[in-house]
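Down below is the structure, laid out as structure tokens.
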Amino acid sequence: MQAPLEEALSVMVNTFHKYSAKEGDPLKLNKAEMRELLLHELPTFIRGKIHETGFENLMKKLDGNKDEELDFQEYAVFLALTASLCNEFFQECADENNRKR
Ligand SMILES: [Ca+2]
Ligand SMILES: [Ca+2]
């Protein structure tokens with residue numbers, strides 16, 4: 001059995017390939033693939049739907065080499081940002097719970 005962090009890392013890698021292999025370059029996520037990944041793998045975070053302007057901005061920010069697709073490194077930046085948001089979110093929840101006590 002894998003330790004939880006090892007399992008989480010393998011999920012992060014496998015999830016990329018599951019969607020990147022659907023169309024065109026199998027090692028890059030195009031917009032349609034990224035859209036599907038967000039809808040199916042982060043449904044709670046995006047609250048069930050994609051906001052078009054937010055999505056376009058996200059793609060632009062993440063697409064470091066401007067080829068309109070996300071390679072694994074660009075996707076890794078996205079994961080790091082998402083993890084950082086999670087950390088802030090849970091930190092705020094913890095602060096709020098502490099204040100209530
Ligand atoms: Ca692809
Ligand atoms: Ca790119």
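The values are calculated or read from the model by the stated rules, or taken from the named source; none is laboratory data. Just so it is clear, the structure is predicted and the values come from calculations on it, not from any experiment. Quick reminder, even Gly has a Cβ in these numbers, built from the backbone with ideal geometry, and neighbours come from all protein chains shown. Just so you know, the surface numbers come from the protein's heavy atoms only, side chains and all, with ligands and any DNA or RNA stripped out. Shrake-Rupley method; radii C 1.70, N 1.55, O 1.52, S 1.80 Å.
Which value, in debye to the nearest 20, gives the size of the charge dipole of the range 15-88 about its Cα centre, when Lys and Arg are +1 and Asp and Glu are -1 at the Cβ? Please report the intermediate quantities before stating the final value.
Values: 10 positive and 14 negative charges, 49 e Å.
Roughly 240 debye for the range 15-88.
Mind checking the angle between helix 52-62 and the chain's longest principal axis? C-alpha axes, 0 to 90 degrees, to the nearest 10. Result, in degrees: 80. For the range 4-100, the number of Lys pairs separated by eight or more positions or lying on different chains, with C-alpha atoms closer than 19 Å, is 11. Backbone phi angles across the range 73-87, fed through the Karplus curve with coefficients 6.51, -1.76 and 1.60 (θ = phi - 60°), yield HN-Hα couplings of 5, 5, 5, 4, 4, 4, 5, 5, 5, 5, 4, 5, 5, 4, 4 Hz in residue order; Gly and Pro are listed as x. On the protein heavy atoms, probe 1.4 angstrom, tell me the percent of accessible surface of the chain carried by carbon and sulfur. Here it works out to 58 percent. Taking the C-alpha atoms only, the angle from helix 4-20 to the longest principal axis of the chain is near 30 degrees.
Could you sort THR53, THR82 by their accessible area in this structure, using a 1.4 Å probe and putting the largest first?
Details: THR53 105, THR82 20 Å².
Result, largest first: THR53, THR82.
Remark on LEU29: its backbone amide H falls under 5 Å from those of LEU70, ASP71, a criterion applied only to residues 5 or more positions apart or on other chains, H modelled at 1.01 Å from N.
Axis angle, to the nearest 10 degrees, between helix 31-41 and the longest C-alpha principal axis of the chain: 30 degrees.
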